[in-house]
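What follows is calculated from the coordinates using simple rules that are stated; it is not laboratory data. Values in this document were obtained by computation on a predicted structure and should not be read as measured data. In this analysis, Cβ positions are derived from the backbone assuming ideal geometry, glycine residues included, and neighbour counts consider all displayed protein chains.
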Amino acid sequence: MIFRQCTIFSHGTAIETEVEGANIFMDHTTISILGPSGVGIGGTGKGIEAISPNFLWIDHCWINGAIQAIYVVGHPADPTETKAQITINFSRLTNNWSQILLNGLHLDPHIAIGWNEVLSRPGSTDAINIYRSSGIPGAPILIHDNYVQGVAPATPDTLNFSGSGIVTDGDTADPLLATSSVEIANNQVVGCVTTGIALAFGLTRSPTITWSCLAA
């Protein structure tokens, strides 16, 4: 599927593929998930949901108002290698409850998330969540040169808020499923109330995960 210079308005999920091995190319495309009032904020649909894709390329796009802007899932419960090519570059993700979630992409040397502007809405969860996903030691999942802002509760008196700007995640003791081989470099993480960068779960033995954060 190729989406080039498209504008999509949706009350539900805008783009969804449940066919394993799908190829999705998006270039200069705008997705707005409409909320109850008809404006692009507070919607319950996803921007893009890709199940075990072969190729996902998102470049110079804007996704606004979704419950999840970009959700890519592979094999969260088993260690099957995905080896999908996932690239999310030069895009704006705004007013989404969850911005980017990678779930169950194992031993994948072709994942890069870079040069994006990620602005979360009040009450949102983690902006960039790498959940039970891994690159390989020589070619890690690369999260670089992103601007991430505003992971915060909807009201100042909210209790037990746990959102992070960037997080490695996945509650498993199985090293074949755990998040590993992730490089987080040269990002700016601003105004994230709980943590800027959180290593919540995963294999953290050097050099599995390294990071350099300019502002937090």
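Results, tabulated for the structure shown:
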| quantity | calculated |
| --- | --- |
| Within segment 1-34, tally of residues that are part of a loop (DSSP other than H, G, I, E, B) and charged (D, E, K, R) | 2 |
| Single residue of SER133, SER120 found to be touching a strand residue (DSSP E or B) at 6+ places or on another chain (Cβ under 6 Å), within 16 Å of VAL167 (Cβ to Cβ) and surrounded by 23 or more Cβ atoms within 10 Å (Cβ to Cβ) | SER133 |
